[in-house]
Structure formats: structure tokens, C-alpha cells
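Visitor: Could you have a look at this structure, given as C-alpha cells, before my questions?
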Amino acid sequence: MKCLIVFGVIVAVFGAFVGYGYLVFSELTRPLPKPEFSDSTYWGPGEAKSYVPDKKIYEFRLDVPQAEIEDLRQQLNRTLRLAEPLDGISFEYGFNSYALDQFVEYWRDKYLTKWDERQELFNKFKQYTTEIQGLNIHFIREKASAEAAAKKHVYPLLLLHGWPGSVREFYDIIPMLTNDQNVTDYAFEVVAPSLVGYGWSDAATRPGFNAAEMATVMRNLMLRLGHKKFFIQGGDWGSIIGSNLATLYPENVIGYHSNMCVLNSPLAILKGIYGTYFSEKIIPSRFFYDHHFPVWDKYADLLRESGYFHIQATKPDTIGAALATSPVGLAAYILEKFQYCTNPGMQQDFGAIVTVFGLEPVLDNLMVYYLTNSITTSVRFYAENVSKAYRDLQLDRVPTPVPMGCSRFRYDLPSVTDWQLRDKFPNLKHSMYFQQGSHFAAMEMPAMLYQDFTAFVGKIGLHGEKPK
């Protein structure tokens, strides 16, 4: 009898444990409704009650005083006090000091001597500023060419960059999107903003400006320009902002395309662990295994390479002060990210950045941060996105009906599988794997990204196209 009682207690405890585990699992993995969210929060200086919005759109043209360029040249001409690399070390400890010395020499003696030429390139597209929610927002606005508009279906497209990028990333892909191309029936009016706190856009003046708030500003910018419905394309933070925008304002989004398809919901994490051991059940081909798995190796690599993320998410003003006061330090910090985002076979190669991106585009991007003194305000975005207020929104658990397209470049951050992605985007229209390319796809492989984006647009069937 005692044995039966003990057995009954064990069964009851086990049953309670299983039942509780099921309830916890269900609570953590169930889809959530879209949260209530304000679309008019004031982020500018002073008090909101005294704010009088300026809805005008002003032309913008970059015009840097020559004295500022000369001051930078003098700073770069100071003797560098860099520690020599350890024997046998290339970039394993960060950006190599020998390579940095060469970059600084080129920046000072060649790049800056042709600043007028670089500035003209910055001004090749039409640019504007306008005030949204108290913040002055800079953006490129390039309409479809007359030839393309006469032959193609034209739609507005919001292009979103990330960190440590800028609108300079898009200078090769914008002409492809706006001009007459034979590969698609679509052309686009491109709007490429500098994110809030980046480039020539104002920074928020108080804490709390996270990716959902950024998405709201970007959506309101498109509404200001007369675009009630539009496409979104983004990578890095631009991908997360684009996802938030599609989630919070699906009525405004025709389709959302990402080249960094990530999800951090509990269900996505559990499915990722499952996929490590049963990948053949969830990926279209064994050739794509390394894009996703093994999960433990991907996590280890992220841990190894995410020291910058931790400091930017906890003490952004500290690292910001160090970088804002030293153009060489700023260069080392940003160039190291581009060095890593080549591919594993080139990460220790002294010519990797030149081979993959070219010197001028990378230095152009660096100049955006230097000229606008936006390094501190840009890295604060990390702190805002690990805050409790943002995490409590749990937007990765809110199903989004917007048509979605995903392109995965081989050496980018590990993306999720379609199986995981459909929990968030049940209307997944397009999924593509590339066996090359990395994080800065618009800069490294603009033609591939363009073709993938337009393939996604064609699959939505806006004009009766049948999915291929």
C-alpha cells in the first residue's frame, strides 16, 4: 500500500511538472497581438507642449568647409603611437596597426586631396530634410527615370541602413532601382533616410528611442512624402526596423524584404536547436546547412565577435567619447567591422577591404560618421534596443501579414530558416540562399541584392503575375 502511495505521489508530481512545463512553453511560444503604440511621440528638444511642427521639405546638399577638411588632415598627420602587432598576428586581435597606418596615410594623402570629387559623389542623388516628430530627418529621394516610369510599374521603396553603415551603402543599387532594367517590370521611387542619430539626421534628445520608435519615424516620413503604401528593404538594423514597421503598421507596407532574416523569439530559438540535429527536415538543401547550423557554433562566433555590441548596449557614451575625439580611433573601430564582414577566408588578409568593398566607398562611409559627429548618437541605439521597454513589446512574437522576402548571404550573421520565419511572417513569398556575400550586401553585391529584391516584388502578384 505504501508503495502505491509513493508511486501515486511520484506520478502526481511528474504530471504537475509536465503540466506546468507545458503551460510555460505555451505561454512563451504563443503568438501575441499587436501592441498599442503611439505614432506621434515627440523626440525633439524642449517640451512637446510647445512644439510647433514644420512640415516643409527642404533641399539638402553636402557642402563641407575646406577648413574642416584641412583640420582633419592635420589630425591625421600627427605621429601615430600604435602598438605593433604580436608576432604572427594579422587581424585576430582587432584591426591590425600596420594596416591602420596604411589606411590613415591613404586617407590623409590621397582621399582628402580629392575631397571635392568625393563630395560631388555624395551629392549625385537628390536629397532633402524634413521635420518628423521634432527631429530633422535627412533622406535621399530619387524618383524613377522618365524612361522607366513610361515602361514599368513604379512603387515607392524605403531603403534602410544599419550600423556602422549609412546611406552611402546604397549608391550603387539606387540607379538599378530607379532606371529602366530588362530583368523586371518594376521600377521604384527610392527613399533612403539617414536613421535618427545617424548621418545628417537629428538624434533623439531623451532615452527610449528604440527600433519601434525608429520604425514609426520612418513610416511618418513616407506619409509626409505622400506614400501611404510602400515597399521596405533593409539589412542590419534596417532589417529589424523594417520588421517592426511592417508589424506595427501593416496597412502601410506592400512588402518587406530583408537581407538579415533574424528572429529572437523563444519559439525560433527552440526550433533552431532542433534544426541543429534534424536539419534535413527543415532546410531545402544540405548545401545550405552552414547558413544556419550548428547553432552552438553560430552562438560561439557571435559571442566572439560581439564585444562591441555589449559596450554599445551598456556604455555607449564612453566609447562614443573615445571615438569622436580621435579620427584614427574612429577609423580603426569602423574598419574592423568591414574587415570582419568580408568572408572567413579573407578576414586575416590585408587587402580584404580593398578587394571586397574598395577603399573609397569605405572611407566615404567613415566620413559620414566623422563629419556629422554621429558615432555616439548612433551607438546609443544599441542601448535602447536592449531596454526592458523595448523587450516588453515582444514584436518578434507578433505575426505579421505583410508579404515578406528573405535573402541570405553566405557569410552574414546566421539567419533563421523558413520554418522559423513563417511563425512571424506567415505570408513568406520569397526565400533565397546565396553561397557568397556577407553583411553589407548593398555595398558588396548590389546587383545580386537588386535582382533578389525585384524577384520578391514579382512574386507578390501586384499585376497578375503568377509565382515562379
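The values are calculated or read from the model by the stated rules, or taken from the named source; none is laboratory data. The structure displayed is predicted, hence computed values, not measured ones. Here the Cβ positions follow ideal geometry from the backbone for every residue, glycine too, while neighbour counts run over all protein chains shown. The area values use the complete protein model at the heavy-atom level, side chains included, leaving out ligands, DNA and RNA. Shrake-Rupley method; radii C 1.70, N 1.55, O 1.52, S 1.80 Å.
Visitor: Being loosely packed, with under 10 Cβ neighbours inside 10 Å and at pLDDT 95 or above is true for just one of Gly44, Gly88. Which residue is that?
Guide: Gly88
Visitor: Can you find, within segment 363-391, the residue that is nearest to the chain's Cα centre (by Cα) among those that are farther than 20 Å from Asn136 by Cβ and not in a helix (DSSP H, G or I)?
Guide: So the residue we want is Val386.
Visitor: Ok, one more. When you check Pro207 against the structure, is it surrounded by 18 or more Cβ atoms within 10 Å (Cβ to Cβ) and either more than 13 Å from the chain's Cα centre (by Cα) or farther than 23 Å from Leu421 by Cβ (or both), yes or no?
Guide: no
Visitor: Continuing with this model, one more query. Do you know which residues across segment 251-273 are more than 14 Å from Gly234 (Cβ to Cβ), surrounded by 15 or more Cβ atoms within 10 Å (Cβ to Cβ) and not hydrophobic (A, V, I, L, M, F, W, C)?
Guide: The answer is Asn252, Ser265, Pro266, Lys271, Gly272.
Visitor: Restricting to segment 334-359, name every residue that is assigned to a helix (DSSP H, G or I) and either surrounded by fewer than 16 Cβ atoms within 10 Å (Cβ to Cβ) or more than 18 Å from the chain's Cα centre (by Cα) (or both).
Guide: Of everything in segment 334-359, those that are assigned to a helix (DSSP H, G or I) and either surrounded by fewer than 16 Cβ atoms within 10 Å (Cβ to Cβ) or more than 18 Å from the chain's Cα centre (by Cα) (or both) turn out to be Ala352, Ile353, Val354, Thr355, Val356, Leu359.
Visitor: For segment 180-204, give me the residue count where each residue is open to solvent by less than 10 Å² (accessible area, probe 1.4 Å) and free of Cβ contacts under 8 Å to residues at least 40 places away in the same chain.
Guide: 0
Visitor: Give the residues of segment 395-417 that are of a type in the set (A, V, I, L, M, F, W, C) and part of a strand (DSSP E or B), sorted by residue number.
Guide: Scanning segment 395-417 gives Met404, Cys406, Phe409.
Visitor: Taking segment 91-103, which residues are among the polar types (S, T, N, Q) and open to solvent by less than 40 Å² (accessible area, probe 1.4 Å)?
Guide: Selection gives Asn96, Ser97.
Visitor: On to the next question. Just give me the residues in segment 114-151 being open to solvent by less than 50 Å² (accessible area, probe 1.4 Å), hydrophobic (A, V, I, L, M, F, W, C) and in contact with a strand residue (DSSP E or B) (Cβ under 8 Å, 6 or more places away or on another chain), in sequence order.
Guide: Of everything in segment 114-151, those that are open to solvent by less than 50 Å² (accessible area, probe 1.4 Å), hydrophobic (A, V, I, L, M, F, W, C) and in contact with a strand residue (DSSP E or B) (Cβ under 8 Å, 6 or more places away or on another chain) turn out to be Phe125, Ile137, Phe139, Ile140, Ala144, Ala148.
Visitor: Return the residues of segment 74-96 that are in contact (Cβ under 8 Å) with a residue 12 or more places away in the chain and assigned to a loop (DSSP other than H, G, I, E, B); say none if nothing qualifies.
Guide: The answer is Asn77, Leu80, Leu82, Ala83, Glu84, Pro85, Ser90, Phe91, Glu92, Gly94, Phe95, Asn96.
Visitor: Residue pairs, Cβ under 7 Å, 6 or more apart or interchain, first in segment 162-179 and open to solvent by less than 20 Å² (accessible area, probe 1.4 Å), second among the acidic types (Asp, Glu) and modelled with pLDDT of 95 or more. List them.
Guide: Gly162/Asp236; Trp163/Asp236; Gly165/Asp236; Arg168/Asp364; Ile174/Glu142; Thr178/Glu142
Visitor: Also: How many residues does segment 286-300 contain that are within 21 Å of the chain's Cα centre (by Cα) and touching a residue at least 12 places away in the same chain (Cβ under 8 Å)?
Guide: 3
Visitor: Which of the residues that make up segment 220-235 are surrounded by 24 or more Cβ atoms within 10 Å (Cβ to Cβ) and touching an Asp or Glu at 6+ places or on another chain (Cβ under 9 Å)?
Guide: Gly235
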